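I have placed the structure first, in the form of structure tokens, so that the comments after it can refer back to it.
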Amino acid sequence: MKAIRTRGGLSVRLDVRTAVVVALLLVAALVASVVLIGTGDFEIPAGDVVRTLLGNGDAGQEFIINDLRLPRVLVGLLVGAALGLGGALFQSIARNPLGSPDVLGLGQGSTAGALTMIVLFQGDAVEVAGGALVGGLVTGLAIYLLAWKRGVHGYRLVLVGIGVSAFMTAINGYLLTKADFVDAARAVVWMTGSLNGRDWEQVWPLLALCAVLVPLVLVYGRPLRMLEMGDDVAHALGVRVERTRLVLLIASVLLTAAATAAAGPVAFVALTAPQLARRLTRSPGPNLMPAMFMGATLLIVADWASQRAFGADQLPVGVVTGVLGGAYLLWLLVTQRKAGRI
């Protein structure tokens, strides 16, 4: 930790290791994005990708990159960043590494909203995304209200979330049984989590939401760090505990629901990104910026792997993150058990 004093007398504390990790993750995300943009049936060298993005490509490359591939990559970056930041918020508020949207049922709630639009109303892509957003918000509100008892505490939040997750999973199973073959196939593809077919219509709403919520969350970074020390300590230090917790929960639910609406329920990014970021920074606290950039990097790398690592078969990105995240969850449970925390 290094203190930097400005000319006006303002002192700013800078964690050098965290800053280096954020910079490296940003570079990794940008490099992976360039490689991913050049990947496909029509391969484009990285140099040509950069030149085209700067406006110096030919007409064919500009169409392939700017109209077809760039929106998919931008959606992947925004979805990964939103999931990483939302997961870091949930884990910090719950004070539990398992307190992520995947475990608490927000993904299942968004899925229920999307399935309702697909199965019952045969909605188009915009209506399905809207249903997913509403489903996530309603589920988040239900979890908060059910976990409330003179405040919301981490252990109760996780237990209520697990119960709501099981309930929403049952609803999703019921909706699938009521769907015809075409709607069921469409629903299963959406439930896997995929970036296929994403265009600028998904980029702009998600970008606008992140532009509003990310600065808001970062402003609450210091109160969030104090909340991790316990409600009594945070209150003694002048933090409005329940107001801060409610604002951050709303922000995390919006980030997670919007990401799910844009790409489907991409599994385990929200669980793994904050933990991996914390292990890189070796810094206490929520590690919001590292988790955000880690989530973006993870999703872009996973999307590249889904296209290139399995030969001619291209898998939805949610399959790759599910496999990797499931293995990480098992490892996390084993380490937590050995440490006597579960």
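The values are calculated or read from the model by the stated rules, or taken from the named source; none is laboratory data. Remember, it's a predicted structure, so these values are computed and weren't measured experimentally. For neighbour counting, all protein chains shown are included, and Cβ atoms are generated from backbone atoms with ideal geometry for every residue, glycine included. Note: accessible area is taken over every heavy atom of the protein model, side chains too, but ligands, DNA and RNA are not part of it. Shrake-Rupley method; radii C 1.70, N 1.55, O 1.52, S 1.80 Å.
When a 1.4 Å probe is rolled over the protein heavy atoms, the share of accessible surface on the chain that falls to carbon and sulfur comes to 67 percent.
Here the range 119-214 is assigned +1 on the Cβ of each Lys and Arg and -1 on the Cβ of each Asp and Glu. Its dipole about the Cα centre then comes out at about 620 debye. Note on the chain: dipole from Cβ charges, positive end direction compared against PRO316, LEU77, GLY140; the farthest Cα belongs to GLY140. Assuming charge only on the beta carbon of Lys and Arg (+1) and of Asp and Glu (-1), the dipole of the chain about its Cα centre is about 2040 debye to the nearest 20. Computed over the chain with a Gaussian network model linking Cα atoms closer than 10 Å, the most mobile of GLY107, GLY38, GLY131 is GLY38.
The residues of the range 2-339 expose on average 48 square angstrom of accessible surface per residue, using a 1.4 Å probe on protein heavy atoms. For every helix of n ≥ 4 consecutive DSSP H residues, a contribution of -39,500 (n - 2.57) applies; sum these over the chain, divide by its total residues, and give [θ] at 222 nm rounded to the nearest 500 deg cm²/dmol. Dividing the helical sum by the residues of the chain leaves -23500 deg cm²/dmol.
Quick check: Cα centre of the range 98-173 to Cα centre of the range 214-241, how many Å? Each part's Cα centre sits 26 Å from the other's.
Model label points for ARG222 and VAL31, set 7 angstrom from Cα along the Cα-to-Cβ axis, are 3.5 nm apart.
Take the Cβ-Cβ distance between ARG279 and ARG240 as r, set R0 to 25 Å, and report the resulting FRET efficiency rounded to the nearest 0.05. Before the final figure, lay out the partial values.
Details: r = 31 Å, r/R0 = 1.25.
Efficiency computed from Cβ-Cβ geometry: 0.20.
About the Cα centre of the range 42-180, how large is the charge dipole given +1 on each Lys and Arg Cβ and -1 on each Asp and Glu Cβ? Please answer in debye to the nearest 20. Provide the component values of the computation, followed by the final result.
Values: 8 positive and 9 negative charges, 200 e Å.
Dipole size: approximately 960 debye.
Estimated at 0.36 nm per residue, the fully extended path between VAL138 and LEU54 surpasses their Cα-Cα distance by 26.0 nm.
Scan the chain and report its longest stretch carrying no chymotrypsin sites (Phe, Trp or Tyr not before Pro) that are both in a DSSP loop and have at most 15 other Cβ atoms within 10 Å. That would be 149-309.
Within the range 189-298, report the trypsin sites (Lys or Arg not before Pro) that DSSP leaves as loop and that have at most 16 other Cβ atoms within 10 Å.
On the way: sites: ARG198, ARG225, ARG240, ARG243, ARG245, ARG278, ARG279, ARG282; in loops: ARG198, ARG240, ARG282.
Listed in order of number, the matching sites are ARG240, ARG282.
Filter the chain for me: DSSP H helices, axial length by Cα at least 15 angstrom, mean Kyte-Doolittle hydropathy not below 1.0. List them by residue number. Walk me through the numbers on the way to the answer.
On the way: long enough: 16-37 (32 Å, 2.73); 70-94 (36 Å, 1.65); 125-147 (33 Å, 1.82); 154-178 (36 Å, 1.07); 181-192 (17 Å, 1.09); 200-219 (29 Å, 1.90); 241-263 (33 Å, 1.45); 269-281 (18 Å, 0.42); 288-308 (30 Å, 0.95); 317-338 (32 Å, 1.12).
Those that clear 15 Å and a mean of 1.0 are 16-37, 70-94, 125-147, 154-178, 181-192, 200-219, 241-263, 317-338.
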